[in-house]
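The values are calculated or read from the model by the stated rules, or taken from the named source; none is laboratory data. Since this is a predicted model, take the numbers as computed values, not measurements. Don't worry about glycine lacking a Cβ; one is built from the backbone with ideal geometry, like all the others, and counts go over all protein chains shown. Accessible surface is based on the protein model in full, side chains and every heavy atom, while ligands, DNA and RNA are left aside. Shrake-Rupley method; radii C 1.70, N 1.55, O 1.52, S 1.80 Å.
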Amino acid sequence: MTSKFLLAAVLSAASMFAATLDVVFNGAITSVTISRTINPSSTGTTSPTIVNAALLSYNVMSGSSVIGSLLTYCTEPQQSTGAINGGTITYDIDPTLRNAPLNNGGISAGQSAALQQLFGLVPNAMSSGLSALDQAAMQVAIWEIVRESSLSFDATTGVVTFADDNTAGVVARANQLLAGLSSATPNTNLAFLTNDTFQDLIT
């Protein structure tokens with residue numbers, strides 16, 4: 001069974017009862033880094049932090065067997081992805097698209113709708129064939145949406161701000177995507193993967 005159909009089956013089951021998915025982190029598809037500043041954090045405005053803005057790769061597990069693969073983006077960069085090729089991580093599947101990031105109390109219906117519009121705007125967003133710049137821009141746009149409860153999205157202003165680090169044009173591309181949300185047909189085939197310890201994901 002391919003990972004696409006595997007995940008579809010699991011998501012269908014999630015509508016009936018709490019479902020989980022076991023994965024092992026393989027690493028990032030791209031190596032684009034971004035400067036992120038939280039304004040303010042609980043202790044005041046943070047110093048800029050360099051984070052990896054990338055499409056992430058996981059193996060889907062059944063016990064010790066690999067039964068598929070999964071590409072995702074992060075919704076919370078302040079938690080670990082887990083070690084590359086490390087132990088199995090069990091995620092709760094949230095098809096309501098409301099419970100991530102867990103350590104930020106979840107998101108509103110408006111933010112959830114904006115994420116669906118973003119993935120409608122970039123229909124091949126979960127493809128390793130997407131350019132490194134666009135993968136990084138998608139990641140920045142996702143972080144912007146899940147952190148700006150005002151629903152006013154600009155990656156250079158607000159609660160969390162971003163600046164280019166090792167690849168020019170990422171933040172400008174993210175803002176271009178964010179500006180186009182209202183014209184997009186929403187992609188409703190999305191889910192959050194949530195875990196108290198590790199980065200929450202969108203897939």
Legend entry - Hits in region 62-82 - residues which are open to solvent by 30 Å² or more (accessible area, probe 1.4 Å) and part of a strand (DSSP E or B): 62, 65, 66, 67, 69, 71, 80
Inset, instruction - For region 83-91, indicate whether the set of residues that are surrounded by 19 or more Cβ atoms within 10 Å (Cβ to Cβ) and part of a helix (DSSP H, G or I) is non-empty. - result: no
Inset, instruction - Enumerate the helices (runs of 4 or more DSSP H) found wholly within region 97-203, keeping only those where 1 or more residues are within 23 Å of residue 23 (Cα to Cα). - result: 109-121, 132-147
Inset, instruction - Identify, from the list 198, 153, the residue that is aromatic (Phe, Trp, Tyr), within 21 Å of residue 76 (Cβ to Cβ), in contact with a helix residue (DSSP H, G or I) (Cβ under 6 Å, 6 or more places away or on another chain) and open to solvent by 10 Å² or more (accessible area, probe 1.4 Å). - result: 153
Inset, instruction - Might you let me know whether region 89-105 holds any residue that is in contact with a helix residue (DSSP H, G or I) (Cβ under 6 Å, 6 or more places away or on another chain) and within 20 Å of residue 30 (Cα to Cα)? - result: no
Legend entry - Residue within region 103-120 that is on the phi > 0 side of the Ramachandran plot, free of Cβ contacts under 8 Å to residues at least 60 places away in the same chain and surrounded by fewer than 18 Cβ atoms within 10 Å (Cβ to Cβ) present: yes
